[in-house]
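Take a look at the structure below.
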Amino acid sequence: MGNQAHARARGNRTPASADQAIERETQRERDKGASGDLVIERELVLATMPRGHDEVRLTLVHAKARGREVSWLSLREHYKDAAGTWRPGRKGISIRMTEVQPIADALRRVLSGEPIEDTSDLDAMFREGRG
């Protein structure tokens, strides 16, 4: 079973039109990067979650900036335009890979049902960038 089939089985969806829109946007970023700016090399949609008529996507982005490879997670709302094409919305956040571990640890604590009364240890993890 492919990744898209797995996503559908979990209740998430990755429509083919979304993949096409991402590829077009990625090509635009590549073209823009010809002048030495940030060049998006690959975007991998990890999850999609319906939200009304829109959807929220968690995307892993790989890029090059000034000769260095960089990666981050993007959590962003997407909407369908008048032509039915999925477009990234204004609401969203980019998470540096160095920030992922403390966020994942905090989410694990929340999802485990563990009572969280004091967040000072979580605050310290974020300040130190560790998990």
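The values are calculated or read from the model by the stated rules, or taken from the named source; none is laboratory data. Remember, it's a predicted structure, so these values are computed and weren't measured experimentally. Heads up, the Cβs are rebuilt from the backbone with ideal geometry, glycines too, and the neighbour counts pull from every protein chain shown.
Before moving on, here are some points about what is shown:
- Residue 97 modelled with pLDDT of 95 or more, surrounded by fewer than 16 Cβ atoms within 10 Å (Cβ to Cβ) and within 14 Å of the chain's Cα centre (by Cα): no
- Some residue of the range 18-40 being at pLDDT 90 or above and hydroxyl-bearing (Ser, Thr, Tyr): no
- Scanning the range 101-113 for residues that are exposed (fewer than 15 other Cβ atoms within 10 Å of the Cβ) and closer than 14 Å to residue 75 by Cβ yields 104, 107.
- Among the residues here, residue 110 qualifies as assigned to a helix (DSSP H, G or I) and modelled with pLDDT under 90.
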